[in-house]
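Q: Handing you this structure, nothing more for now.
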Amino acid sequence: MKINGQSHYLLATDGSGYYRSEKVVCDCCMIEEHFDENNKLTLKFGHNILAGSIVHPNFRQVIPMCPEPIMRVDGEVKTIRNKQHLEDF
């Protein structure tokens, strides 16, 4: 793809979860807070990743990148913003 006369590639990214539990937790698990219809709090623990591939609209081949784990930092309940994970990636 050309932008301003220069060739460019695209980095296509997507986040995914690959582990979820309501009982088993580790220091790296993300914590999700859910409220049911009775306003009862339920915590779910899980692991997430950010994966990406370098793509070009004119080529069928892609170059997969190594996935980046998304983890809690310093005991935070919520992760830092997705934008920060994308910049780290």
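Q: Please specify each residue of region 49-61 satisfying the condition of being closer than 10 Å to Leu11 by Cα and either free of Cβ contacts under 8 Å to residues at least 12 places away in the same chain or among the polar types (S, T, N, Q) (or both).
A: Of everything in region 49-61, just one residue is closer than 10 Å to Leu11 by Cα and either free of Cβ contacts under 8 Å to residues at least 12 places away in the same chain or among the polar types (S, T, N, Q) (or both), namely Ser53.
Q: Here are Glu37, Glu33: which of them is at pLDDT below 90 and within 15 Å of Arg72 (Cβ to Cβ)? Break it down into steps so the answer makes sense when it comes.
A: Details: Glu37 fails: within 15 Å of Arg72 (Cβ to Cβ).
Answer to the selection: Glu33.
Q: Would you mind stating whether Gly52 is small (Gly, Ala, Ser), at pLDDT below 75 and out of contact with any His (no Cβ under 9 Å at 6 or more places or on another chain)? Lay out the reasoning, then the answer.
A: Working: small (Gly, Ala, Ser): yes; at pLDDT below 75: no; out of contact with any His (no Cβ under 9 Å at 6 or more places or on another chain): yes.
In short, no.
Q: For region 1-30, which positions are touching a residue at least 24 places away in the same chain (Cβ under 8 Å) and in a loop (DSSP other than H, G, I, E, B)? Break it down into steps so the answer makes sense when it comes.
A: Pass one, region 1-30, residues touching a residue at least 24 places away in the same chain (Cβ under 8 Å): 1, 9-21, 27-30.
Across region 1-30, the qualifying residues are Met1, Tyr9, Asp27, Cys28, Cys29.
Q: Considering only region 52-66, how many residues are loosely packed, with under 15 Cβ neighbours inside 10 Å, closer than 24 Å to Cys28 by Cβ and touching a strand residue (DSSP E or B) at 6+ places or on another chain (Cβ under 6 Å)?
A: Count: 1.
Q: Specify the residue that is modelled with the lowest pLDDT; the eligible residues are those in region 55-83 that are assigned to a strand (DSSP E or B) and either among the polar types (S, T, N, Q) or over 12 Å from Ser16 (Cα atoms) (or both).
A: Val55
Q: Right, here's the next one. Test Glu33 against the criterion of being among the acidic types (Asp, Glu) and touching a residue at least 12 places away in the same chain (Cβ under 8 Å), and give yes or no.
A: yes
The values are calculated or read from the model by the stated rules, or taken from the named source; none is laboratory data. Because the structure is predicted, anything quoted here is derived from the model rather than measured. Note: ideal-geometry Cβ built from the backbone for every residue, glycine included; neighbour counts use all protein chains shown.
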